[in-house]
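Q: This structure is in structure tokens; I'll ask about it shortly.
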Amino acid sequence: MNERIFKKNVLLVIGVYFLAIIIGILLKAYDSSKDASVYGTFKDLVPLIIAIPAAWLGYCFQRRQAYLKDIRDLWSKLISAFQDSIQYTHLSEPPQAEFGKVLKALSIATEELRAVFVNIGEDRANVGLFPFESIKSIHDKISLLGFGTKFDTEQAKITRREIIELWKKLRKHFLSELERGLAANADSPYLK
């Protein structure tokens, strides 16, 4: 569950509780019957009014934690696939096995992204757009480099720069999905 949906659900539960409080106050104030049966019934239902939204909120927190774990695990796979791609561009005549290993890592990362994120605009009628095209572009660039004697080291240098730019773009958008905070005790010579 991404942050936007999570916040929406939390606000919904807060709204339900707020509405229950208002209804309780109004019933107490305007229940003019002798035995206050309407307010009494409401009071008897309070545990249920509290329990159902609380259970939903617990479910939402569990889904949010699972989502964050999934994207943190995916982040590690993306980093590994990116590093494999960069290292591949430093080789002079890479063997087919190395070429296959890098393309496999990029393909796995792409499919893992598909497992966590829905395509933009996807519904029953439309496939939609892949949300992180940069990883597919990196795959294409490595694929064009080839392997063995067809591998051009000058083209590999150009491809390396292109891959780094694609990675920066992907990283910026992907990391916005994570809840990250400022380091409490940063280690940087640029901070005073």
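Q: With +1 assigned to the C-beta of every Lys and Arg and -1 to the C-beta of every Asp and Glu, and no other charges, what is the dipole magnitude of the stretch 86-156 about the Cα centre in debye, to the nearest 20?
A: About 140 debye.
Q: Compute the semi-axes of the equivalent ellipsoid of the stretch 25-104, taking the square root of 5 times each eigenvalue of the Cα gyration tensor, and list them largest first in whole Å.
A: The three semi-axes for the stretch 25-104 are 65, 9, 6 Å.
Q: Give me log10 I(q)/I(0) at q = 0.12, 0.19, 0.22 Å⁻¹ for the stretch 67-192, Debye formula, one equal scatterer per alpha-carbon, no solvent.
A: Cα-only, vacuum Debye calculation for the stretch 67-192: -0.54, -1.03, -1.21.
Q: Also, I was wondering about something else. Under 24 Å from the Cα of Lys34, which lysines turn up, not counting those fewer than eight places away in the same chain?
A: In chain and number order, the partners are Lys43.
Q: Continuing with the same structure: How much of Leu191 can a 1.4 Å solvent probe reach, expressed as accessible area in Å² and rounded to 10?
A: Result for Leu191: roughly 110 Å² accessible.
Q: Between the helical axis of 37-89 and the dominant principal axis of the chain, each derived from Cα atoms, what acute angle in degrees is found, rounded to the nearest 10?
A: 10
Q: Which of the chymotrypsin sites (Phe, Trp or Tyr not before Pro) found in the stretch 97-192 are in a DSSP loop and have at most 16 neighbouring Cβ atoms, other than their own, within 10 Å?
A: Tyr190
Q: Do any trypsin sites (Lys or Arg not before Pro) in the stretch 1-57 lie in a DSSP loop with no more than 11 other beta carbon atoms within 10 Å, and if so, which?
A: Those satisfying the criteria are Lys34.
Q: Another question, then. Roughly how many whole Å is it from the C-alpha centroid of the stretch 156-186 to that of the stretch 106-142?
A: Here the answer is 17 Å between Cα centres.
Q: Right, next: Can you tell which of Gly121, Phe18, Leu103 lies farthest toward the positive end of the dipole of the chain, using +1 and -1 charges on the Cβ of basic and acidic side chains (Lys, Arg; Asp, Glu)?
A: Most positive-ward Cα: Phe18.
Q: Please work out how much accessible surface Leu19 shows to a 1.4 Å probe, ignoring ligands, DNA and RNA, in Å² rounded to 10.
A: Its heavy atoms expose roughly 100 Å² to the probe.
Q: Hey, if we sort Leu106, Leu26 by accessible area with the 1.4 Å probe, largest down, what's the order?
A: Leu26, Leu106
Q: Where the accessible area of the chain is counted over protein heavy atoms with a 1.4 Å probe, how much of it, in %, is carbon and sulfur?
A: On the chain, the fraction of accessible area on carbon and sulfur atoms equals 60 percent.
Q: Taking 8 Å as the Cα distance limit and 6 or more residues as the minimum spacing, I'd like the relative contact order of the chain as a percentage.
A: Computed over the chain, the figure is 21 percent.
Q: Sticking with this one: Averaging the inverse of every distinct alpha carbon separation and then flipping it gives the Kirkwood radius. What is it for the stretch 111-164, in angstrom units?
A: Evaluated on the stretch 111-164, it is 13.1 Å.
Q: Once a ≥ b ≥ c are taken as the square roots of the eigenvalues of the Cα gyration tensor of the stretch 1-144, is the result rounded (a/c under 1.5), prolate (a/b larger than b/c) or oblate (a/b not larger than b/c)?
A: It is prolate, given that a/c is not under 1.5 and a/b is the larger ratio.
The values are calculated or read from the model by the stated rules, or taken from the named source; none is laboratory data. None of these values were measured; they are calculated from a predicted model. Note: ideal-geometry Cβ built from the backbone for every residue, glycine included; neighbour counts use all protein chains shown. Heads up: the accessible areas ignore ligands, DNA and RNA and are worked out on the full protein's heavy atoms, side chains in. Shrake-Rupley method; radii C 1.70, N 1.55, O 1.52, S 1.80 Å.
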